[in-house]
Amino acid sequence: GAAVCLALAACSKPESQEALCPDCNVVLISMDTVRAHRLGVYGHNVPTSPNVDRLAASSFVFDNAISQSAWTLPAHGSMMTGLYPGRLGVTEYPAKRGLPKVRTLADEFHRAGYATAAFTGNQCVAAHFGFNRGFDVYSSDGRRFEHNIDEALSWLRQNQQRRFFLFLHGYDAHRPYYSRPEDKKAVGLTGQRNAEQRKFCTKGNREKPDDIDEISRYYDASIRHGDATVGRFLDELETLGLAGRTVVLVTSDHGEEFFEHGNCDHVRFLYREIVGVPYILYV
């Protein structure tokens, strides 16, 4: 949030600071469950993120971004408010309460005259948890980026003449790691295994499977699946002539662990695999 404010000079600041992109649009893209070092720009040698890598080539790339939580609701709460999860009171898992009535990024942009919209994967960023506060439109019609992209692009075209703040979120990389055959092929997966890993790291079975390396590749494939839709959105920004006056922040709420420290999934631990997230700022 601070990086976006500095880019826009939209927050209180010393007079010596100048905006990198005054009055620009802002797009916040949260690729849920994507740990930083599974993207090419952060050194991963598997082609999980060709579109994000392309954006990163013209962006500020933060090497040591740390999420404020190991799961979705408190991490996004901090992202949207600038407050720690403990201040927000949303540390208990599973979620039993939403965000308190504090000012959010969307509130600030709305008050500044921006059109505001969000297209999310629902669940822990659902409207009933308070994430819709400050948004003119808050849509959660599906889980993955692809489920909301058509509606998001339609809104973008309708509001391209206005200043806008747009929040895009998708659970593509979250278990069960859905992807298309072309995503699997790109990351080196072969064979006829099911597309989704529904039996991995279940509540009743957290033992390390013998095929953990292959399951980890399904995670790579799911990241690539989300990257494809993010790329479609970035292409539309270019087509509409908006890229030159839009700040784009690509990040995540947390990562995922594949028994690097004896655990799987996320939520319960704070190892680098969990809290080290991408933070790519295009201005």
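Tabulated data for the structure shown
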quantity: Test: residue in the range 213-223 that is open to solvent by 10 Å² or more (accessible area, probe 1.4 Å), on the phi < 0 side of the Ramachandran plot and in contact with a Ser or Thr (Cβ under 9 Å, 6 or more places away or on another chain); calculated: no
quantity: Which listed residue, of Gly262, Gly255, is open to solvent by less than 10 Å² (accessible area, probe 1.4 Å) and in a loop (DSSP other than H, G, I, E, B); calculated: Gly255
quantity: Sole residue being open to solvent by 20 Å² or more (accessible area, probe 1.4 Å), basic (Lys, Arg) and touching a Ser or Thr at 6+ places or on another chain (Cβ under 7 Å), chosen from Arg163, Arg144, Arg133, Arg157; calculated: Arg133
quantity: The listed residue being touching a residue at least 60 places away in the same chain (Cβ under 8 Å) and within 25 Å of Phe135 (Cβ to Cβ), out of Thr33, Thr48; calculated: Thr33
quantity: Qualifying positions in the range 204-250 - closer than 26 Å to Phe109 by Cβ, among the β-branched types (Val, Ile, Thr) and within 18 Å of the chain's Cα centre (by Cα); calculated: Thr229, Val230, Thr246, Val247, Val248, Val250
quantity: Residue, nearest to Ser154 (Cα to Cα), within the range 96-124, restricted to residues that are surrounded by fewer than 18 Cβ atoms within 10 Å (Cβ to Cβ) and small (Gly, Ala, Ser); calculated: Gly113
quantity: Selection status of Arg162, farther than 24 Å from Ile274 by Cα, assigned to a loop (DSSP other than H, G, I, E, B) and touching a residue at least 24 places away in the same chain (Cβ under 8 Å); calculated: yes
quantity: Residue in the range 225-239 that is free of Cβ contacts under 8 Å to residues at least 24 places away in the same chain, outside any helix (DSSP H, G or I) and open to solvent by 10 Å² or more (accessible area, probe 1.4 Å) present; calculated: no
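The values are calculated or read from the model by the stated rules, or taken from the named source; none is laboratory data. Not measured: the values here are computed from a predicted model. Methodologically, a virtual Cβ is constructed for each residue, glycine included, from the backbone with ideal geometry; neighbour enumeration extends over all protein chains shown. With ligands, DNA and RNA removed, areas are computed over all heavy atoms of the protein, side chains included. Shrake-Rupley method; radii C 1.70, N 1.55, O 1.52, S 1.80 Å.
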